[in-house]
Amino acid sequence: MLTVTEVSRSFGGVYAVRDVSLSVADGEVCGVIGPNGAGKSTLFNLITGHLPAEHGQISFRGRRVDRLPPHRRARLGMSIVFQAARVFHGMTVKENVMVGAHGRTRAGFVAAALRLPRHRSDEKEIDTEATAALARVGLAKWADRPADRLPIGQQRALQLARALCARPRLLLLDEPASGLRGQERERLATLVEELRADGLTILLIEHDVAFVTRLADRIVVLDLGRVIADGPPAEVRTDPLVLAAYLGPSA
Amino acid sequence: MSAFLTYLLNGLAVGSAIALVASGLVTIHRVTGVVNFAQGTFAVIAGLCTSSLLGLGFPHGLSEVAAVLAAALAGLLTGLAAIGRPGTTPLSSLIVTLGVGVLAYAVEIVLWGDQPRSAPGLAGSVTLAGARVQTQHLLVIGVAAATFALLALFFGRTYLGKALTACASDPYAARVVGIDTRRMGLLAFALGGLLGGVAGVLVTPLRPISFDTDVTLIVNGFAAAVFGALTRPVITLAGALLLGVAETMAAGYGYGSHQLEVALGLMLVVMIVQASRRPAISQERA
């Protein structure tokens, strides 16, 4: 599904990500963990296309994508949930989710402006799907509220609904558990488990090791911009290099 | 009393024209976050084109439509200059639009000279409740009302309108859901050009247009757009109508030379009030 081959990116001469390779197979939940400053966010932005890579290749669904802008990658089926509350202001919760389907709408500008039948059928279909996505993340009863007034946990759930409405092939989650309280975190973990059961491929970038080991089939560990371990959770957790990175060399 | 009514209706017409200029500003700002100082230029280009085309013997209707399309093209070109390069900040783009406006002066003077030009509009007038109103004034009011209804419907009810709004709210997240923010921005600029063009075509029969008329248009339009925090069409319309009526009343009751000052004063007051509540120009969060 996704193959990252030896990508590098530096800022002011310092490598944030250096020669990182990883791959995510169809239907797999892959976790990327690492201490602060390990290069997780940079790697994430390289995959989504918000940062260009200096070296290396990124392939998605058998296609080179490392020169494509973010919206083209999104249209190929990458959906993203940000750590920050990136919901669209001035719209209701449901409208936010409907915008998520933009990437696969067929009717163009003229059809929308004139409200031609094709546009209407598109809109009706998207409306139905948005409602379903909201129900899935537990936001159904908030559908008509202004999105920016939701608490942080629900804004993240909203982003997830927006991502699902795009019918993704690959779901990228950037630190989805950060800032969530116990109950919200539990609900999110359950949801990710359900999505995995549905066969969705997921790349989970996360600071919280317990959260990742519970959900991921495989874990990639980053430290100082390099991959220091890659394997099943049980294996990675006992890897001496990983322990050293997280706890310091003396551990 | 009938003088008052006449002033009121004329004021509404003037306000409608202002509203059309402002609607272009709002459309562009709402989608790109850019304050487009070349907005008055689009109206000037459309006005001058109409006058030339009619002068060359083209029929009414065709001339006006062609002029509006020329303005839309000017909008698209301005957009290419202002936001064509990915990563240009709204503030840099604002400076570019100022530059485009200045460059447009030179082009307009070469093509049309520096003398004001006019164009015939709808002739005649009607009497409403004892007040005489030019038919052209009614046309301006009607077109503005229809335009705003369409805009509100477009931004509020269609997902393409929502996608355009999403671009302004959070361009980063908009790209992630597959929205080509650059293309949407250019679309907004073309739409802004079109709206400016409509304003220009409608205004030219009422007052002669020259290359520097854009200053008057943009000051008034900007005042109204700021009233609507540069994002809300309906409040912008209300602001424009208020401004139009205020200016016409000022002129009607003997302060004709102070019209622009009324607009500027109102704009200042609104900007100060809004700035104290929240940043009016860039209200989207970082």
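Since every read-out is calculated from the coordinates, none of them should be taken as a lab result. Just so it is clear, the model here is predicted, and its values are computed rather than measured. We place every Cβ from the backbone using ideal geometry, glycine too, and count neighbours over all the protein chains shown.
Here are the numbers for the structure shown:
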read-out: Under 5 Å, built H, 5+ apart or other chain: amide partners of A:ILE80; value: A:LEU172
read-out: Cβ-based net charge around A:SER8, under 14 Å, with every Lys or Arg adding one and every Asp or Glu removing one; value: -1
read-out: Derived scalar couplings ³J(HN,Hα) [the range B:147-158; Karplus, 6.51 cos²θ - 1.76 cosθ + 1.60; whole Hz; x for Gly, Pro]; value: 4, 5, 4, 5, 4, 4, 5, 5, 6, x, 10, 10
read-out: Largest-first principal axis extents, alpha carbons of the range B:141-286, Å; value: 56, 37, 28
read-out: DSSP-defined beta bridges in the protein assembly as shown - what % are antiparallel, rounded to 5; value: 60
read-out: Mean ellipticity per residue at 222 nm, deg cm²/dmol - from DSSP H runs of n ≥ 4 across chain A, formula -39500 (n - 2.57); value: -11500 deg cm²/dmol
read-out: Rg to Rh quotient for the range B:193-277, alpha carbon positions, Kirkwood Rh; value: 0.98
read-out: Dipole moment magnitude, nearest 20 debye, chain A about Cα centre, only Lys, Arg, Asp, Glu C-beta charged; value: 980
read-out: Span per principal axis, largest first, for the Cα atoms of the protein assembly as shown (Å); value: 90, 48, 45
read-out: In degrees, nearest ten, helix B:39-55 long axis to first principal axis of chain B (Cα); value: 50
read-out: Ranked list, fewest to most other Cβ atoms within 10 Å of each Cβ, for A:GLU129, A:GLU95; value: A:GLU129, A:GLU95
read-out: Per-residue Cβ neighbour rank within 10 angstrom, fewest leading, A:SER8, B:SER125, B:SER51, B:SER257; value: B:SER257, B:SER125, A:SER8, B:SER51
